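Asks: The structure follows.
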Amino acid sequence: MVLATLVPGRTFAEVRILASPGGEIGPFLALFEAVRASGERVVIDGPCLSACTLVLSLVPQRRICVTRRAVLGFHAPWSPSPFGGAVRDPEAARVVLAAYPPGVRHWIERHGGLSSRLLLLRGRALSALYPRCR
């Protein structure tokens with residue numbers, strides 16, 4: 001999911017996201033609420049997909065930075081159906097979209113909105129929204 005590492009010689013800890021395919025929302029909400037409360041900085045250093053992107057909603061933007069390897073992947077939330085499929089909830093998608101910072105929300109809207117299709121934010125478009133890590 002997410003790798004947290006202490007950075008020696010610094011007065012704070014970093015949470016470094018190396019590769020997260022996402023997963024159930026609950027554990028990500030709990031993790032990122034704890035990160036927000038701790039004051040830790042988040043370094044996105046690889047794919048942060050699906051529920052992992054909730055970090056953008058919970059941790060202040062000034063405490064998030066990205067590397068050249070960072071990729072954010074967004075899609076509409078879904079729940080498993082009783083028959084093994086996926087059930088989409090348009091209201092949940094509106095709530096999730098509204099929770100993202102304005103720049104991220106506008107980027108998602110310009111690229112078709114949250115749907116079953118994975119939208120990937122990376123490179124210059126991502127660096128325009130979040131600073132490169134130093």
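Asks: What does the extension gain come out to for HIS106 and SER79, with contour length at 0.36 nm per residue minus their alpha carbon separation? Please report the intermediate quantities before stating the final value.
Replies: On the way: separation 27, 0.36 × 27 = 9.72 nm, distance 2.49 nm.
Stretched out fully, the HIS106 to SER79 stretch lengthens by 7.2 nm.
Asks: Radius of gyration and Dmax for the chain's Cα atoms, expressed in Å?
Replies: Reported Rg and Dmax, both Å: 14.8, 52.
Asks: Report the FRET efficiency, 1/(1 + (r/R0)^6), for ASP89 and LEU118, where r is their Cβ-Cβ distance and R0 is 22 Å, rounded to 0.05.
Replies: Numbers: r = 17 Å, r/R0 = 0.79.
For ASP89 and LEU118, the calculated efficiency is 0.80.
Each value in this text was obtained by applying a stated rule to the coordinates, not by laboratory testing. Please read all numbers here as calculations on a predicted model, not as lab measurements. When we count neighbours, we look across all protein chains shown, and the Cβ atoms used for this are built from the backbone with ideal geometry, even at glycine.
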